[in-house]
Amino acid sequence: MVDTRASRRHVNGILLLDKPLGLSSNKALQIAKAIYRAKKAGHTGSLDPLASGMLPICFGEATKVSAFLLDADKEYVTEAALGVVTESGDREGDVVSQRPVPPLDRAEVLRTLTQFTGDIQQIPPMHSALKKDGKPLYRLARKGVEVTREPRQVRIMDLQLLEQTPTTLRLRVRCSKGTYIRTLVEDIGESLGCGAHVSYLARTAVTPFAEHSTITLDALQAVKDNTPEQLLSLLLPIDVALTGFTRVDLHAAQGEAFCAGRLVDLASYPNLPSGPMVRVYAHSGQFLGLGQITAVQALQPKKVFNL
C-alpha cells in the first residue's frame, strides 16, 4: 500500500526504537512513522549514524512531552580506541595523529576516570550539530573551518570501566543531556597520554525508560502486516515518560474543568507545593495532562492531552 496522507491515522504513544548502526535518527523515525502510518511523530534527541541504541519516538499527543525527554539523562556504552586521534573523534574520521599506547594497569585507568566524573567542562566538537551564527558546526568542519567554541558544563553521574585490552577501553557512561561522548573519550585518551577515538557507541538507556526494552526495525516490520492492535501494543503510554512528576487525581467536575483549560481549585489537596509541574489524572485513572500548582493552591492546565 502506498503511504499517503489520507491513509495515515492518529497514533498516540512512545516507541523505544533500537536504532541500528549506519542509519540516521531522522531516517529511522520516518521508517517507524511509515510502519505505523502515523499522522505525527518525532524523536527526542538524535543519535549519530555510527551509534546504535535507544531512540524514543513520540507519536501523536506524545510529541507534547518530547521536550522533557530531550532534557533527560542518558546512558551509553562506548569503546575507546587508544593511540589514534581522528578528525571527527570517531572511527569515520581521518586519522590526525598516532601515538604508542603506554602499558596501563587497571588502577591507573580507574584513577583517570575519576577525573571525569561529576560536573566537568567540555568543549563541543566541530563535528556536532551545535550552531555558530546559525550554521551547524559539522558543516563548517566539512569545509575545513574551525571556530572557537565555549566550554560547556555537563555532568557525568557514573563512569565505569567494563573491559580493558592493551589498546581499548570499554566504558559505561551515565550522563546529563548535552554530553559529547566523543569529547569525553578524546579527553580520557589525552589524560592517559596516548589519545583516543570512539570505535563503538550505543545508547543503552534514556531516563525514565531504563527498565524498558527497545524494539528493532526488523521486529516492527515483522508485525507490520498483522493486526493494528499488535503494533499499538508495542507503544508505551505517554505518562510513562512523566513518572518523575507528582501525580494528582481529580474528581469528575475537576477533570472537566482541567480539560477545558480552566483553573482547578485544589484547596482540599494538602501538601502540594506550588511551582512544579504535576501529572493529572481523571477519577477513572485516565491521564489528562500536565498542570502547574499556583501559589493559591489552584491547578493551572499547561498541557492537555486529547487521548
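The values are calculated or read from the model by the stated rules, or taken from the named source; none is laboratory data. All values reported here derive from a predicted model rather than from experimental measurement. Glycine also receives a Cβ, built like all others from the backbone with ideal geometry; neighbour counts cover every protein chain displayed.
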Out of region 20-47, which residues are part of a helix (DSSP H, G or I) and either aliphatic (A, V, I, L, M) or under 13 Å from the mean Cα position of the chain (by Cα) (or both)?
SER25, ALA28, LEU29, ILE31, ALA32, ALA34, ILE35
When only residues in region 123-144 that are in contact with a Pro (Cβ under 8 Å, 6 or more places away or on another chain) and more than 14 Å from GLU87 (Cβ to Cβ) count, which is surrounded by the fewest Cβ atoms within 10 Å (Cβ to Cβ)?
ALA129
Could you please tell me which pairs satisfy a Cβ distance under 7 Å, a separation of 6+ or placement on different chains, a first residue in region 71-94 that is more than 19 Å from ALA202 (Cβ to Cβ), and a second residue that is of a type in the set (Lys, Arg)?
ASP71/LYS177; GLY83/ARG99
Filter region 52-70 for residues that are of a type in the set (Gly, Ala, Ser) and touching a residue at least 24 places away in the same chain (Cβ under 8 Å); the one that is surrounded by the most Cβ atoms within 10 Å (Cβ to Cβ) is ALA62
For the structure I just gave you, tell me whether VAL65 is within 30 Å of CYS194 (Cβ to Cβ) and β-branched (Val, Ile, Thr).
no
Check off (1) touching a residue at least 12 places away in the same chain (Cβ under 8 Å); (2) out of contact with any Asp or Glu (no Cβ under 8 Å at 6 or more places or on another chain); (3) closer than 21 Å to ASP119 by Cβ; (4) surrounded by fewer than 19 Cβ atoms within 10 Å (Cβ to Cβ) for THR167 and give me the number that stays unchecked.
(3)
Looking at GLY178 and the list (1) modelled with pLDDT of 95 or more; (2) within 16 Å of LEU201 (Cα to Cα); (3) under 20 Å from the mean Cα position of the chain (by Cα), which single condition is not satisfied?
(1)
How do the strands (runs of 3 or more DSSP E) wholly within region 195-307 filter down when requiring 2 or more residues that are closer than 30 Å to VAL96 by Cα: which remain?
196-206
Is at least one residue of region 149-160 among the polar types (S, T, N, Q) and either within 16 Å of GLY189 (Cβ to Cβ) or modelled with pLDDT under 95 (or both)?
no
Return the total of residues in region 76-116 being within 20 Å of the chain's Cα centre (by Cα) and not in a strand (DSSP E or B).
0
Are any of the residues in region 26-34 within 16 Å of LEU201 (Cα to Cα) and outside the structural domain of VAL109 (by TED's automatic domain parsing)?
no
Return the only residue of LEU50, LEU17, LEU55 being outside any strand (DSSP E or B), within 23 Å of ILE181 (Cβ to Cβ) and not acidic (Asp, Glu).
LEU50
From the residues in region 282-300 that are out of contact with any helix residue (DSSP H, G or I) (no Cβ under 7 Å at 6 or more places or on another chain) and more than 24 Å from GLY13 (Cβ to Cβ), which one is surrounded by the most Cβ atoms within 10 Å (Cβ to Cβ)?
ILE293
